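Report on the structure given below.
Every read-out reported here was derived from the displayed coordinates using simple, explicitly stated rules and does not represent laboratory data. This is a predicted model, so every value here is computed, not measured.
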Amino acid sequence: QVQLVESGGGLVQPGGSLRLSCTASGDIFTLYVMGWYRQAPGKQRELLAAITTGSRTNYADSVKGRFTISRDNAKNTVYLQMNSLIPEDTAVYYCQASLPYTNYEQWGQGTQVTVSS
């Protein structure tokens, strides 16, 4: 069973950048598809980006061109580089690991991102 710990959230001004990290432990990281989600107050959790075991990526339209997901298998870590941040990006950001062809998924504890001047 994999455990996930996110870091890198904080307060940033509009137009700024942040990089979130999610480090996995407890299982073989390369087996997992990794995703970043966010949940704003009063809204449903939404998928922002995902990266497969072969490092193929896909993005939600709301972040395409601004956010980049990547993974470093040697460090058991997935990243979310967020550029050109806007106030609407304010949310709690979650990392998720899922095993392909199974129902298994694991979530991190979340990290707050606030975009405000």
Rh by Kirkwood over Cα pairs, then Stokes-Einstein D for the chain at 1.567 mPa s and 4 °C, µm²/s: 92
Scalar couplings 3J(HN,Hα) for region 22-38 by Karplus 6.51 cos²θ - 1.76 cosθ + 1.60 (θ = phi - 60°), nearest whole Hz, x for Gly and Pro, are 9, 9, 9, 8, x, 7, 7, 4, 5, 6, 9, 7, 10, x, 10, 10, 9
